[in-house]
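A.B. asks: The structure under discussion is supplied below as structure tokens; questions concerning it will follow.
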Amino acid sequence: MSCVLENFFYIISVSFQIAGALLLVLFSISTKRDSVIRRFVGNGIITKDGDSKILDYNENAYKEEYRRAFLNKYSFGCILLGYMLSIWGEIEDGFRLEASIYIALLSLIMILMSIGVSSLWVNFSKKCNRRIESDDLKRLKIEPSMETMSQQEVNDIIQSLEN
């Protein structure tokens, strides 16, 4: 195969990989508050007190949804950078064993760092620690999983039964 054709196929191959990674990052993994709430509500249970309108839910699971979204974005960024940097790199035949050891060590360091950074981000970010409010659910057209009746509603039912 000619050198021009090899280069052509290589460019197309890397372009497909990068385009795929970017499409996943841009359209399926969002750390926007509304997107995280939608995903969380799909997997979690939210109850609403009829009197106070306060929502009750597993806050740790909600924060974990943010952490997962952050790690997914980071992982696709790593994939994207890896594809881009692979264009300029080659491994010599005599260096393959050492290179694989360095790759394993650097990968482990990067994984541990990303887990640590994501945990810090979730614990200290105002966006992650802001409670889900009734207004958030209304804006997103999401109903709570369960809602208790307000005292006024209970009184109204009792009054209608007495009449």
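The values are calculated or read from the model by the stated rules, or taken from the named source; none is laboratory data. The model shown is predicted, which means the values in this text are computed figures rather than measured ones. A quick note on method: Cβ atoms are made from the backbone with ideal geometry, for glycine too, and the neighbour counts reach across all protein chains shown.
A.B. asks: Report yes if some residue within the stretch 95-116 is in a helix (DSSP H, G or I), out of contact with any Leu (no Cβ under 9 Å at 6 or more places or on another chain), at pLDDT 85 or above and crowded, with 16+ Cβ neighbours inside 10 Å; otherwise report no.
C.D. replies: no
A.B. asks: When only residues in the stretch 37-75 that are under 11 Å from the mean Cα position of the chain (by Cα) and acidic (D, E) count, which is surrounded by the most Cβ atoms within 10 Å (Cβ to Cβ)?
C.D. replies: Residue satisfying both the conditions and the ranking: E65.
A.B. asks: Within the set of pairs 6 or more residues apart or between chains, which connect a residue that is closer than 20 Å to E6 by Cα inside the stretch 84-95 to a residue that is surrounded by 11 or more Cβ atoms within 10 Å (Cβ to Cβ) with Cβ atoms less than 7 Å apart?
C.D. replies: Taking only residues 6 or more apart or on different chains, the pairs are M84/I18; I87/V14; I91/A99.
A.B. asks: Read through the list (1) more than 24 Å from N43 (Cβ to Cβ); (2) among the β-branched types (V, I, T); (3) not in a helix (DSSP H, G or I), then give the number of the only condition that I142 fails.
C.D. replies: (1)
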